[in-house]
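**Student:** What follows is a structure written as structure tokens; I'll ask about it next.
The values are calculated or read from the model by the stated rules, or taken from the named source; none is laboratory data. Predicted, not measured: the structure shown is a model, and the values here were computed from it. Here Cβ is always computed from backbone atoms with ideal geometry, including for glycine, and neighbour counts include all displayed protein chains. In case anyone asks, the SASA skips ligands and DNA or RNA and just uses the protein heavy atoms, side chains included. Shrake-Rupley method; radii C 1.70, N 1.55, O 1.52, S 1.80 Å.
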Amino acid sequence: LLAQLMRDMQDPEMMAEAQKMMNDPAFQAHMKQMMASNGFQQAMKQTQDSMKDPEKVKEMEEKAQKAIAEGNKTLDDMEKKKKESGDAIDDADKKEEASKKEEEDAKKAAAEEEIEDIPDIAAINLN
């Protein structure tokens with residue numbers, strides 16, 4: 001989740017959408033309400049206290065870096081599997097296309113044979 005967030009923050013389109021959302025008055029009202037809640041205030045105080053302790057800061061940074069690295073690996077693996085399955089689908093689509101083309105070619109050949117079997121009535125001399 002953290003790795004995906006970090007990637008999304010590098011995407012200009014995603015950031016533009018986030019900016020639009022943050023400019024929405026309904027979103028701003030919701031954020032004010034959330035920030036005024038006791039739970040949020042307590043979480044902010046705990047975070048501020050933690051940020052004063054260099055050991056805790058180092059521990060949080062290491063934990064975040066580890067989570068990002070693991071998340072990036074997971075995202076890369078998912079992307080690789082998606083590409084592989086996409087390649088398999090592309091291969092199946094190509095085989096199906098080739099099969100359809102062969103079938104159409106066979107139908108055309110059969111139709112041409114039928115046409116050759118039909119005598120050209122206009123060219124027949126009845127005299």
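**Student:** Would you mind listing how long the range 1-93 runs along its three principal axes, going by Cα atoms, in whole Å with the largest first?
**Tutor:** Each principal axis gives a Cα extent; for the range 1-93 these are 57, 39, 21 Å.
**Student:** Now for a different question. Taking only protein heavy atoms and a 1.4 Å probe, what accessible area per residue, in Å², does the range 2-86 have with all protein chains in place?
**Tutor:** Numbers: 7370 Å² over 85 residues.
Heavy-atom accessible area per residue stands at 87 Å².
**Student:** While we're on this one: Under 4 °C and 1.567 mPa s, how fast does the range 40-85 diffuse according to Stokes-Einstein, given a Kirkwood radius computed over C-alpha pairs? Answer in µm²/s, whole number.
**Tutor:** In µm²/s, the coefficient is 101.
**Student:** Could I ask something else about it? Suppose R0 equals 25 Å. What FRET efficiency, 1/(1 + (r/R0)^6) with r the Cβ-Cβ distance, do MET22 and LEU75 give to the nearest 0.05?
**Tutor:** FRET efficiency, MET22 to LEU75: 0.50.
**Student:** Let me ask another. Summarise the accessible area of the range 9-58 (1.4 Å probe, protein heavy atoms) by the percent that is carbon and sulfur.
**Tutor:** Solvent-exposed carbon and sulfur of the range 9-58 make up 59 percent of the total.
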